[in-house]
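**Student:** My questions will all concern the structure given below.
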Amino acid sequence: MILVTGSTGNVGRHLVGELLCAGARVRALTRDPATARLPGEAEVVPFDAMPLDGVTSLFVNPAAFWNGLGDLLPRAADAGVRRVVLLSSAAALDSDPGNVLAARHLEFEQAIEDAGVEWTFLRPGEFATNALAWRDEIRSGAPVRGPYPQARSAPIHERDIAAVAARAFLSDGLVGAKPVLTGPEALTHPEMVRIIGVAAGIPARFEEISPEEAREQMLSRPYMREGLVDVLLRLRAEAVDGPVEISPEVERITGRPGRTFAEWAADHATDFA
């Protein structure tokens, strides 16, 4: 039995599907099973219950445990869980001690290593789904506003992260691995906005604002904290002139090229139209 936390999230939902298609038994944790809309073959249970009976493998989405793992790992070990796959982050590679994203993900990684189980730490870079934050602007015809329009990144489709996660459960090839995952191409935010507009069949444009204005805008969002905002803006500034490394890991692990941002935009066109 594979227990998936964050099962209705961007990655978790696709992971549940990948595992079920491979014939695995899946227990999916969610805050509200009644609205989960997961496949009927999955055993959908409330997150707060956290039943570990019969579970041999565990997918940990830090978003579900941002205040800490609590007693999850000792309970999992006692229940017989042998393998943990963590949705970590490429931020863990950043040596800046002020990077709160890096610190939190490294904390999770270390706790899992110390638990004495088999582990795999997936380290994706920018999620293509971050672009959903532009949904309201693009729908209304307003410009998407942001700093550093020349900054480039290689956004990864959530389905590719889920596909790699599934391989980590279904084979032994990724035990002890920390694969860095990216999309197959480097793009700027203006290019991404244009691609979304083409996919959705509506005009979409980008407008540059100062880092100071962007900081105020980001801090107005309920899930953003000051330290996190400063880290994100620093990384964006560094991406203006820095090289973008395209990881080969998605193709190496899954046997097929990673999905392009245009494919992601086509998959999510109705979110913006």
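**Student:** All but one of (1) under 15 Å from the mean Cα position of the chain (by Cα); (2) modelled with pLDDT of 95 or more; (3) surrounded by fewer than 17 Cβ atoms within 10 Å (Cβ to Cβ) hold for THR129; state the number of the condition that does not hold.
**Tutor:** The one condition THR129 does not meet is (3).
**Student:** Okay, next question. Does GLU158 count as surrounded by fewer than 16 Cβ atoms within 10 Å (Cβ to Cβ) and charged (D, E, K, R)? Walk me through it before giving the result.
**Tutor:** Numbers: surrounded by fewer than 16 Cβ atoms within 10 Å (Cβ to Cβ): no; charged (D, E, K, R): yes.
The answer is no for GLU158.
**Student:** Search segment 1-19 for residues being among the hydrophobic types (A, V, I, L, M, F, W, C) and under 26 Å from PRO155 (Cα atoms), and hand back the single one that is farthest from the chain's Cα centre (by Cα).
**Tutor:** Step one: of segment 1-19, the residues among the hydrophobic types (A, V, I, L, M, F, W, C) are 1-4, 11, 15-16, 19.
Now restrict to residues that are under 26 Å from PRO155 (Cα atoms): 4, 11, 15-16, 19.
Values: VAL4: 14, VAL11: 6, LEU15: 12, VAL16: 15, LEU19: 17 Å.
Selected residue: LEU19.
**Student:** From ASN99, ASN67, ASN61, which residue is under 25 Å from TYR223 (Cα atoms), surrounded by fewer than 16 Cβ atoms within 10 Å (Cβ to Cβ) and out of contact with any Asp or Glu (no Cβ under 6 Å at 6 or more places or on another chain)? Give the steps one after another, and end with the answer.
**Tutor:** Numbers: ASN99 fails: surrounded by fewer than 16 Cβ atoms within 10 Å (Cβ to Cβ); ASN61 fails: surrounded by fewer than 16 Cβ atoms within 10 Å (Cβ to Cβ).
Sole residue among the options that is under 25 Å from TYR223 (Cα atoms), surrounded by fewer than 16 Cβ atoms within 10 Å (Cβ to Cβ) and out of contact with any Asp or Glu (no Cβ under 6 Å at 6 or more places or on another chain): ASN67.
**Student:** Next up: Name the single residue that is farthest from ASN130 (Cα to Cα) among those in segment 6-37 being β-branched (Val, Ile, Thr) and crowded, with 22+ Cβ neighbours inside 10 Å. Step through it out loud before you land on a result.
**Tutor:** Going through segment 6-37, the residues β-branched (Val, Ile, Thr) turn out to be 8, 11, 16, 26, 30, 35.
Add one more test, that the residue is crowded, with 22+ Cβ neighbours inside 10 Å, and what stays is 11, 16, 26, 30.
Values: VAL11: 12, VAL16: 21, VAL26: 27, THR30: 21 Å.
That would be VAL26.
**Student:** Restricting attention to segment 132-149, report how many residues are surrounded by fewer than 20 Cβ atoms within 10 Å (Cβ to Cβ) and out of contact with any Pro (no Cβ under 9 Å at 6 or more places or on another chain).
**Tutor:** Adding up the residues that qualify gives 9.
Residue-wise test of (1) touching a Leu at 6+ places or on another chain (Cβ under 7 Å); (2) within 20 Å of LEU174 (Cβ to Cβ); (3) among the charged types (D, E, K, R).
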position	(1), (2), (3)
SER88	yes, yes, no
ASN99	no, no, no
ALA115	yes, yes, no
LEU132	no, no, no
ALA142	no, no, no
HIS157	no, yes, no
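**Student:** In segment 204-253, which residues are farther than 30 Å from LEU174 by Cα and polar (S, T, N, Q)?
**Tutor:** SER210, GLN217, SER220
**Student:** Checking THR188 against (1) modelled with pLDDT of 95 or more; (2) in contact with a helix residue (DSSP H, G or I) (Cβ under 6 Å, 6 or more places away or on another chain); (3) β-branched (Val, Ile, Thr), only one condition comes out false. Which one?
**Tutor:** (2)
**Student:** Right, something else. Name the single residue that is farthest from ALA162 (Cα to Cα) among those in segment 247-273 being small (Gly, Ala, Ser) and modelled with pLDDT of 95 or more. Outline the logic, then answer.
**Tutor:** Looking only at segment 247-273, we keep the residues that are small (Gly, Ala, Ser), and these are 247, 255, 258, 262, 265-266, 269, 273.
Retained after the next criterion (residues that are modelled with pLDDT of 95 or more): 247, 255, 258, 262, 265-266, 269.
Numbers: SER247: 16, GLY255: 14, GLY258: 12, ALA262: 18, ALA265: 17, ALA266: 18, ALA269: 20 Å.
Taking the candidates together, the pick is ALA269.
**Student:** Looking at (1) free of Cβ contacts under 8 Å to residues at least 24 places away in the same chain; (2) hydrophobic (A, V, I, L, M, F, W, C); (3) surrounded by fewer than 17 Cβ atoms within 10 Å (Cβ to Cβ), find the lone condition where VAL45 falls short.
**Tutor:** For VAL45, the exception is condition (3).
**Student:** Count, please, the residues in segment 57-80 that happen to be over 23 Å from the mean Cα position of the chain (by Cα) and part of a loop (DSSP other than H, G, I, E, B).
**Tutor:** 2
**Student:** Checking the conditions here, which among ALA199, ALA186, ALA204 is surrounded by 13 or more Cβ atoms within 10 Å (Cβ to Cβ), touching a residue at least 24 places away in the same chain (Cβ under 8 Å) and over 23 Å from the mean Cα position of the chain (by Cα)?
**Tutor:** Details: ALA199 fails: over 23 Å from the mean Cα position of the chain (by Cα); ALA186 fails: over 23 Å from the mean Cα position of the chain (by Cα).
Only one candidate passes the filter, namely ALA204.
The values are calculated or read from the model by the stated rules, or taken from the named source; none is laboratory data. Predicted, not measured: the structure shown is a model, and the values here were computed from it. FYI the Cβ positions are ideal-geometry reconstructions off the backbone, even for glycines, and counts take in every protein chain you see.
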